[in-house]
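Report on the structure given below.
The values are calculated or read from the model by the stated rules, or taken from the named source; none is laboratory data. Keep in mind the model is a prediction, meaning the values are calculated, not measured. We place every Cβ from the backbone using ideal geometry, glycine too, and count neighbours over all the protein chains shown. For accessibility, only protein heavy atoms count, side chains too; no ligands or nucleic acids. Shrake-Rupley method; radii C 1.70, N 1.55, O 1.52, S 1.80 Å.
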Amino acid sequence: MSFQSFGLANSLLASLERLNFKKPTPVQEEAIPVVLAGNDVLISSQTGTGKTGVFSIPIISKLLEDRRNLSLIITPTRELATQIFKTFESFLGKKSPLNTALLIGGDSISKQLQQLKKKPHIIVGTPGRINDHLQRRSLKLNATKFLVLDETDRMLDMGFSIQIDDIVKHIPSDRQTLLLSATIPKNIITLSKKYMRDPKRIAIGSTYNPVEKIKQEVIRIKDDAKYSELVEQLSKRKGSVVIFVKTKFGTERMAKKLRLGRHKADAIHGDLRHNRREKVMDAFRNKKYRILVATDVASRGLDIPHIQHVINYDMPQCPEDYIHRIGRTARAGQDGESLSFVSPADKKKWDAIHYLMHPNEKKETSTPQRKKGHFTGKRNKRSFRNNRNKTI
């Protein structure tokens, strides 16, 4: 199947060809026709499978047919909103008749007001800033025909449910709603019943497993040995690396230490001003430095194809965040590798990750014994690919 088979607008097809989008991904192949047919859709899919294209491509095509309509895309983080906004901009091209607006915290209000004065057809934003504009009465949503809730599970985890309710009150009920979520727990089902009308359900692959092309490795190690091991691993690996650490302060400290060791590195975390975060991300995207040290603020919405390695220097607090972290590599069908440092204090976290991805396995009641094929190497290292041997 090709993008031409969807009956998309010619200008959009030209943009897709210009951007070298030759063939839809499996989730795009299944979902785009359903979206174009006007259905409400609940979509779950692994990270890195092209979910942004699932809603951006059909929305652009529909808006080109009728420019009186508005689409609103709500995301949990500024990084993800910016990434989605740039995707829309690239699909639209410079001479598009459709206007866009990006409404995110930390960005210039005056800049956003200028965008809104142009009566945008496509608005991408975070819940807080969208509500801010609604309260200022600088934003009207009465022409909204398409509502997209992206990374919905993350938005609920971050406590945005009340803000989302406040936004939806301003949107006509006669709309098309798309809800995208990496996982579909009960609260997502409840939300879908609240906002959607007879939604079609599309699920591609296991949302509790990373994509198959990620080679995963684990090193069981003491905390005081982690940094020297990190340096050794960086020397062995080629290509761009994202290192996840626990705290905002930890990212700055790690990046500074790596730079002193003559590694090209920078840090990103939630306390950086939006302009600074944009500069850091653009520099990493353009390969001006090799290593990005991040908190979980970057585990979602970071879509940079050249990331080859993800290193969990500190383990995530939430098991689902492990999937999102390592999903920053092996994007768009490419190969990638992840490495996790698991200290003795991390055993419960690691067990929770293991049983998230293998819920049918019998839970171990004690620490596994060292067995042939289970742990290898002097650092108690275990390696696995595609989870086929279920060693995770």
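If you go through segment 228-237, how many residues are within 19 Å of Arg325 (Cβ to Cβ) and open to solvent by 50 Å² or more (accessible area, probe 1.4 Å)? Residues flagged as within 19 Å of Arg325 (Cβ to Cβ) and open to solvent by 50 Å² or more (accessible area, probe 1.4 Å) within segment 228-237 amount to 0.
Taken together, Phe88, Phe21, Phe3 contain a single residue that is closer than 30 Å to Thr329 by Cα, among the aromatic types (Phe, Trp, Tyr), open to solvent by 10 Å² or more (accessible area, probe 1.4 Å) and free of Cβ contacts under 8 Å to residues at least 60 places away in the same chain, which is Phe21. With respect to Ile57, determine if the residue is crowded, with 24+ Cβ neighbours inside 10 Å, farther than 15 Å from Glu151 by Cβ, modelled with pLDDT of 95 or more and out of contact with any His (no Cβ under 7 Å at 6 or more places or on another chain). Against the criterion (crowded, with 24+ Cβ neighbours inside 10 Å, farther than 15 Å from Glu151 by Cβ, modelled with pLDDT of 95 or more and out of contact with any His (no Cβ under 7 Å at 6 or more places or on another chain)), Ile57 qualifies. Out of Leu63, Leu72, one residue alone is surrounded by 19 or more Cβ atoms within 10 Å (Cβ to Cβ), of a type outside the set (Phe, Trp, Tyr), over 24 Å from the mean Cα position of the chain (by Cα) and at pLDDT 95 or above. It is Leu63. Within the option set Leu70, Leu102, being within 20 Å of Ser138 (Cα to Cα) and touching a Phe, Trp or Tyr at 6+ places or on another chain (Cβ under 6 Å) holds for one residue only, Leu102. Only a single criterion out of (1) open to solvent by less than 20 Å² (accessible area, probe 1.4 Å); (2) at pLDDT 95 or above; (3) in contact with a Lys or Arg (Cβ under 8 Å, 6 or more places away or on another chain); (4) farther than 19 Å from Asn312 by Cβ is not satisfied by His170, namely (1). What about Arg290, is it closer than 21 Å to Glu217 by Cα and open to solvent by less than 30 Å² (accessible area, probe 1.4 Å)? No.
Among the residues of segment 173-194, those that are within 19 Å of Leu139 (Cβ to Cβ) and either of a type in the set (A, V, I, L, M, F, W, C) or open to solvent by less than 60 Å² (accessible area, probe 1.4 Å) (or both) comprise Arg175, Thr177. The residue of segment 91-108 that is farthest from Glu278 (Cα to Cα), among those that are out of contact with any strand residue (DSSP E or B) (no Cβ under 8 Å at 6 or more places or on another chain) and open to solvent by less than 40 Å² (accessible area, probe 1.4 Å), is Ser96.
Residues in segment 241-283 that are open to solvent by less than 10 Å² (accessible area, probe 1.4 Å) and of a type in the set (S, T, N, Q): Thr251 alone. Among residues of segment 315-331 that are open to solvent by less than 30 Å² (accessible area, probe 1.4 Å), those with a Cβ under 6 angstrom from a residue that is assigned to a helix (DSSP H, G or I), sequence gap 6+ or separate chain, pair up as Met315/Asp346; Met315/Lys349; Pro316/Tyr322; Asp321/Asp296; Tyr322/Ile353. Restricting segment 112-157 to residues that are assigned to a helix (DSSP H, G or I) and at pLDDT below 95, the residue that is surrounded by the fewest Cβ atoms within 10 Å (Cβ to Cβ) is Asp157.
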